[in-house]
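**Student:** The following block contains the structure, expressed as structure tokens.
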Amino acid sequence: MKIGERFTCRGFLLVRNKGKISIGDSVVINSSLGSNPTTGDSKTIIIVENEANLVIGNNVGISNSVINCKKGIIIEEYTSIGCGCKIYDNDFHSIKFEDRLLEQRGIIKNVKVSPITIKKGAFVGANVMILKGVTIGCNAVIGASSVVTKDIPDNELWAGNPIKFIRKLDV
């Protein structure tokens with residue numbers, strides 16, 4: 001795990017790291033009711049599995065969110081991740097019943113995994129869920145409580161479940 005200068009964590013940060021984590025300079029993570037009361041008593045949880053790679057760039061802010069990384073997640077500089085967000089680069093379980101039965105014995109099969117990139121200057125609103133294989137463009141804005149299942153272009157506002165284009169942003 002590599003942590004840059006001026007890292008700030010407000011509250012208790014839960015980290016389970018079996019891979020690689022790189023946190024840039026001037027990153028702020030809120031992880032308590034007192035640090036950001038918008039989503040109740042949640043905290044920030046970061047889980048990086050075997051051989052996975054999580055990169056958090058410089059000047060990123062994350063509030064009371066969950067990041068689960070089985071392959072790779074990149075959050076580029078000057079990105080803001082709102083309260084209660086979930087960022088998952090995997091499906092956790094197979095969609096096949098037989099495979100899920102094997103999980104009870106510790107055998108994991110056919111779980112889909114695909115990396116996520118959140119580009120420079122993106123703003124992700126509260127309670128957004130970002131699913132595997134997604135790229136969110138530079139300066140893009142994702143509205144609160146959206147479910148992101150597809151790539152979002154640079155400089156656009158998207159929102160909803162399912163997520164929909166709202167408008168282009170002035171840059």
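**Student:** Any chance the stretch 98-109 includes a residue that's open to solvent by 30 Å² or more (accessible area, probe 1.4 Å) and among the acidic types (Asp, Glu)?
**Tutor:** So in the stretch 98-109, the residues open to solvent by 30 Å² or more (accessible area, probe 1.4 Å) come out as 98, 100-109.
Okay, now just the ones that are also among the acidic types (Asp, Glu), so 98, 103.
There is at least one residue in the stretch 98-109 that is open to solvent by 30 Å² or more (accessible area, probe 1.4 Å) and among the acidic types (Asp, Glu).
Condition check ((1) outside any loop (DSSP other than H, G, I, E, B); (2) in contact (Cβ under 8 Å) with a residue 24 or more places away in the chain; (3) crowded, with 21+ Cβ neighbours inside 10 Å; (4) aliphatic (A, V, I, L, M)) across all residues:
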| residue | (1), (2), (3), (4) |
| --- | --- |
| 59 | no, yes, no, no |
| 62 | yes, yes, yes, yes |
| 68 | yes, yes, no, no |
| 73 | yes, yes, yes, yes |
| 77 | no, yes, no, no |
| 83 | no, yes, yes, no |
| 92 | no, yes, no, no |
| 95 | no, no, no, yes |
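**Student:** Quickly run through the stretch 112-139 and pick out the residues that are open to solvent by less than 40 Å² (accessible area, probe 1.4 Å), among the aliphatic types (A, V, I, L, M) and in contact (Cβ under 8 Å) with a residue 24 or more places away in the chain.
**Tutor:** 116, 118, 122, 124, 126, 128, 130
**Student:** Scan the stretch 97-106 and tell me whether some residue there is modelled with pLDDT under 95 and touching a strand residue (DSSP E or B) at 6+ places or on another chain (Cβ under 7 Å).
**Tutor:** Here is the first cut: in the stretch 97-106, the ones modelled with pLDDT under 95 are 97-106.
Within this subset, residues satisfying the condition of being touching a strand residue (DSSP E or B) at 6+ places or on another chain (Cβ under 7 Å) are none.
No - not one qualifying residue is present in the stretch 97-106.
**Student:** Would a scan of the stretch 41-56 turn up a residue that is farther than 21 Å from residue 134 by Cβ and without any contact (Cβ under 8 Å) to a residue 12 or more places away in the chain? Explain how you work it out, then say what you get.
**Tutor:** Initially, the stretch 41-56 is screened for residues farther than 21 Å from residue 134 by Cβ, giving 41-43, 50.
Restricting the remaining residues to those that are without any contact (Cβ under 8 Å) to a residue 12 or more places away in the chain gives 41.
Yes: the stretch 41-56 contains one or more residues that are farther than 21 Å from residue 134 by Cβ and without any contact (Cβ under 8 Å) to a residue 12 or more places away in the chain.
**Student:** Restricting to the stretch 16-32, count the residues that are in a strand (DSSP E or B) and surrounded by 14 or more Cβ atoms within 10 Å (Cβ to Cβ). Steps first, answer last, please.
**Tutor:** Filtering the stretch 16-32 for residues in a strand (DSSP E or B) gives 16-17, 20-23, 28-31.
In the following step, the residues that additionally are surrounded by 14 or more Cβ atoms within 10 Å (Cβ to Cβ) were identified as 17, 20-23, 28-31.
So the answer is 9.
**Student:** Considering (1) farther than 21 Å from residue 161 by Cα; (2) more than 14 Å from the chain's Cα centre (by Cα), say which one residue 119 fails and leave the rest.
**Tutor:** With (1) farther than 21 Å from residue 161 by Cα; (2) more than 14 Å from the chain's Cα centre (by Cα) applied to residue 119, the lone miss is (2).
**Student:** Look at residue 150 and say whether it is surrounded by 17 or more Cβ atoms within 10 Å (Cβ to Cβ), among the charged types (D, E, K, R) and either in a strand (DSSP E or B) or at pLDDT 95 or above (or both). It would help to see each step written out before you state the result.
**Tutor:** Details: surrounded by 17 or more Cβ atoms within 10 Å (Cβ to Cβ): no; among the charged types (D, E, K, R): yes; either in a strand (DSSP E or B) or at pLDDT 95 or above (or both): yes.
Criteria not met by residue 150.
**Student:** Give the residue, chosen from 70, 43, that is more than 24 Å from residue 138 (Cα to Cα) and of a type outside the set (A, V, I, L, M).
**Tutor:** Details: 70 fails: more than 24 Å from residue 138 (Cα to Cα).
Sole residue among the options that is more than 24 Å from residue 138 (Cα to Cα) and of a type outside the set (A, V, I, L, M): 43.
**Student:** Turning to a different aspect of this structure: Is it true that some residue in the stretch 85-105 is under 24 Å from residue 32 (Cα atoms) and small (Gly, Ala, Ser)?
**Tutor:** No, the conditions are met nowhere in the stretch 85-105.
The values are calculated or read from the model by the stated rules, or taken from the named source; none is laboratory data. These numbers were taken from a predicted model, which means no experiment stands behind them. Reconstructed Cβ throughout: ideal geometry from the backbone, glycine too, with neighbour counts over all protein chains shown. Note: accessible area is taken over every heavy atom of the protein model, side chains too, but ligands, DNA and RNA are not part of it. Shrake-Rupley method; radii C 1.70, N 1.55, O 1.52, S 1.80 Å.
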